[in-house]
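The values are calculated or read from the model by the stated rules, or taken from the named source; none is laboratory data. Just so it is clear, the model here is predicted, and its values are computed rather than measured. We place every Cβ from the backbone using ideal geometry, glycine too, and count neighbours over all the protein chains shown. Just the protein is used for accessible areas: all its heavy atoms, side chains included, with ligands, DNA and RNA removed. Shrake-Rupley method; radii C 1.70, N 1.55, O 1.52, S 1.80 Å.
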Amino acid sequence: QVQLAESGGGLVQPGGSLRLSCAASGSRTSIYLMYWYRQAPGKQRELVAGITSGGSTNYADSVKGRFTISLDNAKNTVYLQMNSLKPEDTAIYYCKAARGNFNYWGQGTQVTVSS
């Protein structure tokens, strides 16, 4: 079983950048599909980006060209680089590791985009 801990959230002005980190322990990230999700107040949790151990990525249309997901298997850490942030990116961001029928979630980190 893997444990996930997100960090890097905070308050940023529109147009700014943040990098989120998700550190995994208890298992190797290389055996999982890794994802970033987010949940805004009053809305359902939505997929932001995903990455395989081989580096293949996918993104929600709303973040394409602005966000980049990456994976450092040596550090057991997945990152989400977020550029050109918008107020609508405000949400709690969660990391997820998936393998077969098992999904593991972190506790989330708050990202607030506001002037």
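Among the numbered criteria (1) of a type in the set (A, V, I, L, M); (2) surrounded by 14 or more Cβ atoms within 10 Å (Cβ to Cβ); (3) out of contact with any Leu (no Cβ under 9 Å at 6 or more places or on another chain), which one does M82 miss?
(3)
Please find, within the range 18-36, the residue that is most open to solvent (accessible area, probe 1.4 Å) out of those that are outside any strand (DSSP E or B) and of a type outside the set (V, I, T).
Per the criteria, the residue is R28.
Could you tell me which residue of the range 44-58 is farthest from T109 (Cα to Cα), considering only residues that are without any contact (Cβ under 8 Å) to a residue 24 or more places away in the chain and open to solvent by 60 Å² or more (accessible area, probe 1.4 Å)?
Only one residue tops the list, namely G54.
Cβ-Cβ distance below 8 Å, separation of 6 or more or different chains: which pairs start in the range 86-115 with a residue that is under 22 Å from R28 (Cβ atoms) and end on one that is open to solvent by 50 Å² or more (accessible area, probe 1.4 Å) and basic (K, R)?
Y94/R45
Output the number of the condition that G65 fails; it satisfies all remaining conditions of (1) farther than 18 Å from Y104 by Cα; (2) at pLDDT 95 or above; (3) touching a strand residue (DSSP E or B) at 6+ places or on another chain (Cβ under 8 Å); (4) small (G, A, S).
(3)
Determine whether the range 95-109 contains at least one residue that is open to solvent by 60 Å² or more (accessible area, probe 1.4 Å), modelled with pLDDT of 95 or more and in a loop (DSSP other than H, G, I, E, B).
For the range 95-109, residues open to solvent by 60 Å² or more (accessible area, probe 1.4 Å), modelled with pLDDT of 95 or more and in a loop (DSSP other than H, G, I, E, B): present.
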